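One structure below.
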Amino acid sequence: MMTRELLIDMYYAAPELWYALASVFFILVSIALYYWYNYLKMQQKNYFLNRDRERYAETLYASKDGYFAFIYPDEKIDDPRKNIVEHCSRRLAVMLNLPDGTKSSFEDILKNFYKDDLKRLQKYIDLLREDGVSFDDEFVIKNNNKRLRLSGMRINGIDGNIYCDMVWFRDISLESQTITELESEKRNWFKQIIQLEDLINNIPYPVWMRDDKLNIFQINKKYIEFFENKSREDILLNHLEITNVNGENISRNLAFLAHSINKTKKQTVNIIKNGERKVYEVVESPFHVEDSLDKIYTVGTLIDITELDDFKRNLKIHQNAHLEIMGKLGTAFAVFDQNQKLAFYNKAFTLLWKLDDVWLEQQPNYSSFLDILREKRLLPEVPDYLAFKNGEQEDFSKIIETKEDMLHLPNEQTIRRVRIPHPMGGLVFAYEDVSDKLATRRAYNALLAVQQETLDNLFDAVVIFGADGHLNFFNQAYLTLWQIDNGILEQDPTLSELIDMQQKFFTKVDDWKGLKNDIINHIRSFTTKTFILNRNDIDQVEVMSKNLSDGSIMITYKKL
């Protein structure tokens, strides 16, 4: 057994050997520590490489795009992978609902495409794998009609080594639908814009729009027609505006006023166009831009009112002529305007209502006119004068066509009143004293009543036909003799119709039509005055006709 003393003796016997052994041992330990240190660093490096690979893999997995990779063997080293490896991502498997998941081949993926798309995609893949040609195109999946964007690219290393060919799959169904909707909406907006442009350009008068600085920036075709040899761009660039006969701007000052008070303003201007002097109405209408309270634009229009202006002048001439004629008529006329003020009256109006010309020349209103008539007791007696007066004034806005009524005055006068809407507003009044006419009519009606009463007290049946051939009078004896309803005769039948009502008393006659014609001829004959009718009941009726002085025919029937 080696003891401490023995070791000491060996050291002293050969110290160089021990130094050599110590050196070798130290070198071996140093080498071991070096390799151990490198091993630990390699382990750490591999750890972080694996972690980075996992991060990159998870990053790819987390992508909303799916991918399919054709991984090639590494040509720079002795790669154990001798063949191309295909790899399908999890996202792609879910996107295409692949039964084999990430183990699916590219052939499994191609089954999801329509025939034409399949040929196109296969051509893209062949060019990518053979020549590294990238592609980017859209395809539709036939099972669920998803729209996918496929992007193919080759991935190379820095040393030129081909790593893989990648095909990325992105679901763009929602984006495509949104784009389709936006395109449709865009087409609709363009269509509406074109329609609005057509609408504005086909308005038969100039239209323009001013910005908040009163500069014109939109015009239609009719506006351009006011400028010879000027394009739309020249007019807008040089701020050209339509001028009047004095060369002054027709609407800028008007637009400034409309813009300042934010109210539509209009005025009449005279313009020379095509060598003719014409009258136009220019209008500037302000509006808030995009509902902004601070930004105001104006829209201007220029409307040709030459014909209307001529019509107004002619109308005024005709009105004056009519008023002059009305002033000379015997019927009382008056015109109260839209403000209910007296605008015209004739002499007959003054005489009828016993009014003072001085007071009438002051153009009193209709209310004062009614008050004066009430003081003179020339209005109908009413229980509530204020209600009557208010109703009369309200008629200025209610009467839209000719209205006629009667005014029965306390002095037993009856005034026929006609009210007609005036073209310029207000009412035209026409008054006529019809007291005498009504008295005459009452007397005439009383006479008719006496005649009727006289006829009704006769024993003989009597009918009288007027000159127009219709029945005017009949008595009760006729109704009884021929058994006819009173209501039928009140419809004023003709002589022929009256004879037809008697047919039921001549049923034994073979030729009624011939008998009817004989009866009518005898009645109208100037020579035959009396004839006999034999009725079914074997009684006889004597008929006598007489032509009266007014062209009427009186027929008398007497039962024998």
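The table for this structure:
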| quantity | calculated |
| --- | --- |
| In segment 199-217, the residues that are acidic (D, E) and open to solvent by less than 40 Å² (accessible area, probe 1.4 Å) | D211 |
| Residues being without any contact (Cβ under 8 Å) to a residue 24 or more places away in the chain and either open to solvent by 60 Å² or more (accessible area, probe 1.4 Å) or outside any strand (DSSP E or B) (or both) - total across segment 543-557 | 3 |
| Leading residue by the ranking (most open to solvent (accessible area, probe 1.4 Å)) among those in segment 496-521 that are over 18 Å from W482 (Cα atoms) and at pLDDT 85 or above | K513 |
| Any hit, segment 181-198, residues being surrounded by 14 or more Cβ atoms within 10 Å (Cβ to Cβ) and assigned to a helix (DSSP H, G or I) | no |
| Hits in segment 465-519 - residues which are of a type in the set (V, I, T) and either under 26 Å from D550 (Cα atoms) or touching a Lys or Arg at 6+ places or on another chain (Cβ under 6 Å) (or both) | I488, T494, I499, I519 |
| Residue in segment 189-231 that is modelled with the highest pLDDT, counting only those that are among the acidic types (D, E) and either within 26 Å of K295 (Cβ to Cβ) or in contact with a Ser or Thr (Cβ under 8 Å, 6 or more places away or on another chain) (or both) | D211 |
| Check on V85, touching a helix residue (DSSP H, G or I) at 6+ places or on another chain (Cβ under 9 Å), at pLDDT below 90 and either farther than 24 Å from S176 by Cβ or among the hydrophobic types (A, V, I, L, M, F, W, C) (or both) | no |
| T528 vs. criteria touching a strand residue (DSSP E or B) at 6+ places or on another chain (Cβ under 9 Å), within 17 Å of K559 (Cα to Cα), modelled with pLDDT under 85 and open to solvent by 30 Å² or more (accessible area, probe 1.4 Å) | no |
| Flag for E197 being closer than 30 Å to F256 by Cα and among the charged types (D, E, K, R) | yes |
| Pair list, Cβ < 9 Å and 6+ apart or interchain, from segment 419-437 residues that are free of Cβ contacts under 8 Å to residues at least 12 places away in the same chain to residues that are open to solvent by 70 Å² or more (accessible area, probe 1.4 Å) | K437/R416 |
| Residues (under 22 Å from N517 (Cβ atoms) and surrounded by fewer than 18 Cβ atoms within 10 Å (Cβ to Cβ)) located in segment 471-487 | I484 |
| Restricting segment 396-414 to residues that are charged (D, E, K, R) and open to solvent by less than 90 Å² (accessible area, probe 1.4 Å), the residue that is farthest from the chain's Cα centre (by Cα) | D405 |
| Options V450, V462: the member that is more than 59 Å from the chain's Cα centre (by Cα), within 30 Å of M544 (Cβ to Cβ) and modelled with pLDDT of 85 or more | V462 |
| Test: L128 is touching a Lys or Arg at 6+ places or on another chain (Cβ under 7 Å), under 22 Å from N83 (Cβ atoms) and surrounded by 15 or more Cβ atoms within 10 Å (Cβ to Cβ) | yes |
| Residue match in segment 378-388 (condition: open to solvent by 30 Å² or more (accessible area, probe 1.4 Å), charged (D, E, K, R) and under 20 Å from T331 (Cβ atoms)) | no |
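Conditions tested, residue by residue: (1) under 17 Å from E241 (Cα atoms); (2) surrounded by 14 or more Cβ atoms within 10 Å (Cβ to Cβ); (3) among the polar types (S, T, N, Q).
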residue	(1), (2), (3)
K266	yes, yes, no
N270	yes, yes, yes
G275	no, no, no
E284	yes, yes, no
V289	no, no, no
L293	no, no, no
T298	yes, yes, yes
L302	yes, yes, no
I305	no, yes, no
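The values are calculated or read from the model by the stated rules, or taken from the named source; none is laboratory data. Bear in mind the structure is a predicted one, so any value in this text is a computation, not a measurement. Cβ coordinates were reconstructed from backbone atoms using ideal geometry, including for glycine residues, and neighbour counts include every protein chain displayed. Surface areas here come from the heavy atoms of the whole protein model, side chains and all, with no ligands, DNA or RNA. Shrake-Rupley method; radii C 1.70, N 1.55, O 1.52, S 1.80 Å.
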